[in-house]
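Everything below concerns the one structure shown next.
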């Protein structure tokens, strides 16, 4: 019998990481400086292991590449895809991340054998006056881009953010998550990042981390526009993002709702706040802030109950 699929998190230790994934999401983590928790991934650099049901101990990469199961689990839209299309992670920025940019599909496929990287962020928690880097100042144009990159700290645009902000980062956007932010990121399944500046610090190995300025110059899109909305106090269900890569609804649950799977696409849920249960016939599991799970395309009816806010991601 099909049931909702849960996964073992993959924790990434990085120089800018902290302990908020452990503390804010109440995770049992021994390591320090955990900057990322990959929750749903079939990317070769971090593959999610399934921890329940008939697929227990298999991983998402294996399951997606099982042609006998792909339509049933992932939906008709995935039947012609070469790779599982999305990656869901939590990011804890104890310190600033590098100023960076991601390529689009065409460039990434040609030079990196990977997807491009369009991504979105939902700010789950942040310190007062927390900021992100989003794009360049208006005076940066194509003819002075090289100089702007060499003097990057003086040419970037900072934007203040708060809890509940939803931010779209199209491929080609120069950006950085700054210190004091915990967020959920939904992105294309890619791990291609071109660092432009890393605050003159050393990595965990005691050496400066590699920069990729020349590639960054080739992929930066100076026309990228700021797209930020705040949904912290939204009480109704609402669609908050649509693209050819994935779509996102924000779901608020106060009692019990009955949902039905979509044969065109799997659904990934991320619990942003609160707690409750997911139920499918005899299957019942508690979910809480930080829970991430996948609804198979042919699961049928299931219920969500409790007091919680979730993101619903689908193709």
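The values are calculated or read from the model by the stated rules, or taken from the named source; none is laboratory data. Fair warning: this is a prediction, and the values are worked out from it, not measured in the lab. Every residue, glycine among them, receives a Cβ derived from its backbone with ideal geometry; neighbour counts consider all protein chains shown.
Residues that are modelled with pLDDT of 95 or more and touching a helix residue (DSSP H, G or I) at 6+ places or on another chain (Cβ under 8 Å), at least 3 per element: which strands (runs of 3 or more DSSP E) completely within the stretch 155-230 meet that? Steps first, answer last, please.
Values: elements: 156-160, 165-169, 175-177, 181-188, 194-197, 228-230.
Where strands (runs of 3 or more DSSP E) fall fully within the stretch 155-230 and carry at least 3 residues being modelled with pLDDT of 95 or more and touching a helix residue (DSSP H, G or I) at 6+ places or on another chain (Cβ under 8 Å), they are 194-197.
Within the stretch 20-46, restricting attention to residues that are touching a helix residue (DSSP H, G or I) at 6+ places or on another chain (Cβ under 6 Å) and crowded, with 17+ Cβ neighbours inside 10 Å, which residue is farthest from residue 272 (Cα to Cα)?
Residue satisfying both the conditions and the ranking: 42.
I'd like to verify a number: residues in the stretch 289-304 that are assigned to a loop (DSSP other than H, G, I, E, B) and under 20 Å from the mean Cα position of the chain (by Cα), how many? Reasoning before the result, please.
As a first pass, look at the stretch 289-304 and keep what is assigned to a loop (DSSP other than H, G, I, E, B): 289-291, 296-300.
Subset that is under 20 Å from the mean Cα position of the chain (by Cα): 289-291, 296.
Number of matching residues: 4.
In this structure, is residue 64 buried (at least 16 other Cβ atoms within 10 Å of the Cβ), at pLDDT 95 or above and within 24 Å of residue 303 (Cβ to Cβ)? It would help to see each step written out before you state the result.
Values: buried (at least 16 other Cβ atoms within 10 Å of the Cβ): yes; at pLDDT 95 or above: yes; within 24 Å of residue 303 (Cβ to Cβ): no.
Against the criterion (buried (at least 16 other Cβ atoms within 10 Å of the Cβ), at pLDDT 95 or above and within 24 Å of residue 303 (Cβ to Cβ)), residue 64 does not qualify.
Please state which of the following conditions residue 235 fails to meet, knowing it meets all the rest: (1) modelled with pLDDT under 95; (2) buried (at least 18 other Cβ atoms within 10 Å of the Cβ).
Result: residue 235 passes all but (2).
Pick from 125, 114, 143, 147: which is touching a strand residue (DSSP E or B) at 6+ places or on another chain (Cβ under 7 Å) and either touching a residue at least 12 places away in the same chain (Cβ under 8 Å) or not in a loop (DSSP other than H, G, I, E, B) (or both)?
On the way: 114 fails: touching a strand residue (DSSP E or B) at 6+ places or on another chain (Cβ under 7 Å); 143 fails: touching a strand residue (DSSP E or B) at 6+ places or on another chain (Cβ under 7 Å); 147 fails: touching a strand residue (DSSP E or B) at 6+ places or on another chain (Cβ under 7 Å).
Only one candidate passes the filter, namely 125.
Results for (1) surrounded by 20 or more Cβ atoms within 10 Å (Cβ to Cβ); (2) in the same structural domain as residue 76 (by TED's automatic domain parsing); (3) in a strand (DSSP E or B); (4) without any contact (Cβ under 8 Å) to a residue 40 or more places away in the chain, shown as yes or no for each residue.
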{"residue": "258", "(1), (2), (3), (4)": "no, no, yes, no"}
{"residue": "277", "(1), (2), (3), (4)": "no, no, yes, yes"}
{"residue": "287", "(1), (2), (3), (4)": "yes, no, yes, yes"}
{"residue": "306", "(1), (2), (3), (4)": "no, no, yes, no"}
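Would you mind stating whether residue 239 is part of a loop (DSSP other than H, G, I, E, B) and touching a strand residue (DSSP E or B) at 6+ places or on another chain (Cβ under 9 Å)? Full working, then the answer.
Values: part of a loop (DSSP other than H, G, I, E, B): no; touching a strand residue (DSSP E or B) at 6+ places or on another chain (Cβ under 9 Å): yes.
In short, no.
Can you tell me how many residues within the stretch 77-124 are farther than 30 Å from residue 179 by Cβ and surrounded by 15 or more Cβ atoms within 10 Å (Cβ to Cβ)? Walk me through how you get there before you give the answer.
Of the residues in the stretch 77-124, the ones farther than 30 Å from residue 179 by Cβ are 77-85, 105-106, 109-111, 113.
Still in the running and surrounded by 15 or more Cβ atoms within 10 Å (Cβ to Cβ): 77-78, 83-85, 105.
Of the residues in the stretch 77-124, 6 are farther than 30 Å from residue 179 by Cβ and surrounded by 15 or more Cβ atoms within 10 Å (Cβ to Cβ).
Please verify whether the stretch 101-109 includes one or more residues that are more than 23 Å from residue 227 (Cβ to Cβ), in contact with a strand residue (DSSP E or B) (Cβ under 9 Å, 6 or more places away or on another chain) and in the same structural domain as residue 218 (by TED's automatic domain parsing). Quick ask: steps written out before the conclusion?
From the stretch 101-109, those more than 23 Å from residue 227 (Cβ to Cβ) are 109; that's our starting set.
When the remaining residues are screened for being in contact with a strand residue (DSSP E or B) (Cβ under 9 Å, 6 or more places away or on another chain), the result is none.
Within the stretch 101-109 (the criterion being more than 23 Å from residue 227 (Cβ to Cβ), in contact with a strand residue (DSSP E or B) (Cβ under 9 Å, 6 or more places away or on another chain) and in the same structural domain as residue 218 (by TED's automatic domain parsing)), the answer is no, since none of the residues qualifies.
Report yes if residue 92 is touching a helix residue (DSSP H, G or I) at 6+ places or on another chain (Cβ under 8 Å), assigned by TED's automatic domain parsing to the domain that holds residue 176 and closer than 24 Å to residue 289 by Cα, otherwise no.
Working: touching a helix residue (DSSP H, G or I) at 6+ places or on another chain (Cβ under 8 Å): yes; assigned by TED's automatic domain parsing to the domain that holds residue 176: yes; closer than 24 Å to residue 289 by Cα: yes.
When the stated conditions are applied, residue 92 passes them.
Among (1) crowded, with 21+ Cβ neighbours inside 10 Å; (2) on the phi > 0 side of the Ramachandran plot, which single condition is residue 311 missing?
Of everything listed in (1) crowded, with 21+ Cβ neighbours inside 10 Å; (2) on the phi > 0 side of the Ramachandran plot, residue 311 misses just condition (2).
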